[in-house]
Amino acid sequence: MTDLTKLTISQATTGLKNKDFSAVELTTSYINQMEKTDNLNAYITKTTDNALSQAKIADNNIASGNMRPMEGMPIAHKDLLCTKGVKTTAGSKMLDNFTPDYESTVSQKLAESGCISLGKLNLDQFAMGSNGQSSFYGGTKNPWGNDLVAGGSSSGSACAVSARSAIASTGTDTGGSIRQPSAFCGVAGIRPTYGRCSRWGVVAYASSLDQVGPIGKDVRDCAIMLSNMSGHDEKDSTSANIPVPDFEAVLTGDVKGLKIGIPKEYYIDDMPQEIAKIWDNGKKMLVEAGAEIVDVSLPHTKYALPAYYIIACAEASSNLSRYDGVRYGHRVSGKELDEMYELTRSEGFGEEVKRRILMGTYVLSAGFYDAYYIKAQKVRRLVANDFKKAFESVDALLTPITPSPAFKIGENQEDPVKMYLNDVFSVTLNMAGLPGMSVPVGLSDSGLPLGLQIIGKAFDEETVLKASYALEKQAKFDATPNI
Amino acid sequence: MSFSNDDVKKVAKLSRIRIDDKQLEQYTNDIQKVLGFMEQLNELNTDNVEPMANPLDGVQVLRNDEIKDGGYPETIVNNATDDTMNFFTVPKVVE
């Protein structure tokens with residue numbers, strides 16, 4: 001029998017339907033692969049026993065003809081999604097002892113669609129980071145090279161799909177945390193429109209920017225995952241009350257007449273030759289598939305990144321004030337209440353988390369609120385208006401997603417600004433709440449995967465997926481890591 | 001704008017995060033760098049631009065205020081390090 005972990009969701013579903021193999025066999029293959037690739041540190045918590053009992057239920061459902069849309073698919077969740085009875089850490093010591101008594105809406109929906117959870121995936125602490133190294137449980141390694149970062153913050157989510165230790169995964173994307181690690185690990189990932197998926201039960205980082213989304217082996221798997229995790233939830237008042245399309249249905253490969261914008265401001269200074277080249281190749285691929293390329297301008301692009309860090313840190317400082325050692329999470333005792341708070345928070349949070357809380361508190365504090373926070377919110381409007389205007393003349397945008405392939409563990413770490421610059425192509429759409437997808441399209445000079453990004457209008461994931469699928473078909477990216 | 005060790009101490013106090021004196025310099029330098037990066041925004045004229053709080057842009061969804069959940073205090077306090085009789089406990093604050 002072929003290695004079952006090499007199958008996509010659509011192939012594995014066909015295999016189960018045709019009784020070529022059982023759900024227990026499929027899940028067992030993934031559990032074996034989890035063990036084999038354990039050195040990558042993709043998982044924080046493994047729930048393999050539970051996965052096997054779920055697989056038995058899946059086999060019963062298949063036998064009795066009650067197959068659900070994602071019956072028997074062994075996935076895994078970013079450890080930012082609360083899972084009932086399963087430890088949920090956010091990659092932080094602060095939540096090392098936290099076992100929720102409730103299930104996030106997204107993981108619940110996927111379970112109801114028939115998915116099996118293999119466990120909880122590693123991440124940058126509280127989803128803050130672009131290298132997957134700030135986890136209390138150790139850094140995630142890239143399957144393409146053990147000395148390379150997997151990207152972040154959804155490091156384990158991209159790593160596991162690339163290493164075939166999960167068929168697909170959930171991630172979250174506040175400033176690029178689905179798309180950047182997907183690009184670094186050579187897999188596909190989509191950040192949906194703000195409001196497409198419920199954020200209920202997802203540990204909050206920056207609530208006006210956070211969104212849950214899938215990472216998969218290909219665009220089709222992401223479309224299937226997205227269809228099964230989206231939808232209105234009365235427990236999240238920002239989740240959109242609009243119908244969820246069948247995202248897989250738009251994957252025709254035909255993008256005839258589709259207008260794809262190329263924003264000139266994404267030609268940043270010092271853009272590496274190989275990134276410019278892959279972007280150029282992407283344009284040719286889409287033209288080949290029938291799309292029309294149109295030059296557009298997003299004049300405030302440069303200001304999105306500094307404005308993003310002001311807003312994200314401000315919201316984080318507010319959101320993370322809940323970790324006080326009283327109701328849940330880590331606690332260090334103190335003689336008085338304030339001492340307990342201070343010791344708890346200084347021991348429970350990692351360095352980057354503390355830095356962002358301090359910066360966020362600063363930009364929200366009296367005397368600086370207008371100069372930083374309100375200013376950033378105004379710039380956010382300008383960035384969003386740029387997109388609105390561009391989308392008057394185009395259907396989607398094609399841009400790079402990362403300024404480099406996966407970098408070495410330890411690189412960029414001495415200077416926070418240098419690390420933040422990794423997000424230059426990804427944060428813009430978070431500011432406007434738009435959907436964007438990263439698709440692997442080629443290899444760098446050093447043989448590492450490079451991705452490109454398709455950005456779409458709000459709630460038009462269909463066009464994003466359609467264009468991404470055309471890109472994927474043209475690129476014929478079939479390189480795999482040597483694991 | 002210059003950001004000093006005293007500023008770090010002040011926001012650390014506001015955030016209830018204790019910073020060792022040894023680490024103070026590092027935090028000051030790092031935050032100073034990031035704030036410098038953020039100050040690029042001053043190049044932009046944003047007079048007459050309405051601040052944008054989130055992508056939904058002011059759309060607020062209302063629901064009826066009714067009890068739909070609850071009645072299980074044991075479960076709620078289950079994740080607390082210190083609790084007694086279904087209450088969360090903290091160091092004594094009133095003499």
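So A:Val439 clears everything in (1) under 20 Å from A:Pro306 (Cα atoms); (2) open to solvent by less than 10 Å² (accessible area, probe 1.4 Å) except one condition, right? Which one?
(1)
Return the residues of the range A:215-235 that are surrounded by 20 or more Cβ atoms within 10 Å (Cβ to Cβ) and either in contact with a strand residue (DSSP E or B) (Cβ under 6 Å, 6 or more places away or on another chain) or in a loop (DSSP other than H, G, I, E, B) (or both); say none if nothing qualifies.
Correct list: A:Ile215, A:Gly216, A:Lys217, A:Asp218, A:Val219, A:Asp221, A:Cys222, A:Met225, A:Leu226, A:Ser230, A:Asp233.
Would it be correct to say that A:Gly282 is within 30 Å of A:Phe391 (Cα to Cα) and open to solvent by 20 Å² or more (accessible area, probe 1.4 Å)?
Judged against the criteria, A:Gly282 is not a match.
It is to be established whether one or more residues within the range B:62-77 are farther than 30 Å from A:Ala432 by Cα, at the interface with chain A (Cβ under 9 Å from one of its Cβ atoms) and touching a strand residue (DSSP E or B) at 6+ places or on another chain (Cβ under 6 Å).
Yes: one or more hits.
Checking the condition more than 7 Å from chain A (Cβ to nearest Cβ) and closer than 28 Å to A:Gly433 by Cβ, which residue from B:Asn29, B:Asn5, B:Asn54, B:Asn48 passes?
B:Asn48 is the lone residue from the list that is more than 7 Å from chain A (Cβ to nearest Cβ) and closer than 28 Å to A:Gly433 by Cβ.
In this structure, does A:Tyr308 turn out to be facing chain B (nearest Cβ under 7 Å), aromatic (Phe, Trp, Tyr), assigned to a helix (DSSP H, G or I) and under 24 Å from the mean Cα position of the chain (by Cα)?
For A:Tyr308, the condition - facing chain B (nearest Cβ under 7 Å), aromatic (Phe, Trp, Tyr), assigned to a helix (DSSP H, G or I) and under 24 Å from the mean Cα position of the chain (by Cα) - is not met.
Cβ contacts < 8 Å: first residue of a type in the set (S, T, N, Q), restricted to the range A:233-251; second residue in a loop (DSSP other than H, G, I, E, B) and open to solvent by 60 Å² or more (accessible area, probe 1.4 Å), any location; separation 6+ or different chain. Result?
Once the first residue is of a type in the set (S, T, N, Q) and sits in the range A:233-251, its partners that are in a loop (DSSP other than H, G, I, E, B) and open to solvent by 60 Å² or more (accessible area, probe 1.4 Å) give A:Ser237/B:Gln60; A:Ser237/B:Val61; A:Ser237/B:Arg63; A:Thr238/B:Val61; A:Ser239/A:Trp200; A:Ser239/A:His232; A:Asn241/A:His232; A:Asn241/B:Val61.
Mind checking whether some residue in the range A:236-258 is touching a strand residue (DSSP E or B) at 6+ places or on another chain (Cβ under 8 Å) and open to solvent by 10 Å² or more (accessible area, probe 1.4 Å)?
There is at least one residue in the range A:236-258 that is touching a strand residue (DSSP E or B) at 6+ places or on another chain (Cβ under 8 Å) and open to solvent by 10 Å² or more (accessible area, probe 1.4 Å).
Would you confirm whether or not the range A:8-24 contains a residue that is crowded, with 21+ Cβ neighbours inside 10 Å and farther than 18 Å from A:Arg220 by Cβ?
Yes, the range A:8-24 contains a residue that is crowded, with 21+ Cβ neighbours inside 10 Å and farther than 18 Å from A:Arg220 by Cβ.
Within the range A:84-120, track down each residue that is open to solvent by less than 10 Å² (accessible area, probe 1.4 Å) and either in contact with an Asp or Glu (Cβ under 6 Å, 6 or more places away or on another chain) or under 22 Å from A:Glu351 (Cβ atoms) (or both).
A:Thr88, A:Thr89, A:Ala90, A:Gly91, A:Ser92, A:Met94, A:Leu95, A:Gly114, A:Lys120
Inside the range A:392-419, can you point out the residues that are open to solvent by 10 Å² or more (accessible area, probe 1.4 Å) and within 14 Å of chain B (Cβ to nearest Cβ)?
The answer is A:Asn412, A:Gln413, A:Glu414, A:Asp415, A:Val417, A:Lys418, A:Met419.
The values are calculated or read from the model by the stated rules, or taken from the named source; none is laboratory data. Note that the coordinates shown come from a computational prediction; the quantities given were computed from them, not determined experimentally. Here Cβ is always computed from backbone atoms with ideal geometry, including for glycine, and neighbour counts include all displayed protein chains. Keep in mind that these areas ignore ligands, DNA and RNA; they rest on the heavy atoms of the full protein, side chains included. Shrake-Rupley method; radii C 1.70, N 1.55, O 1.52, S 1.80 Å.
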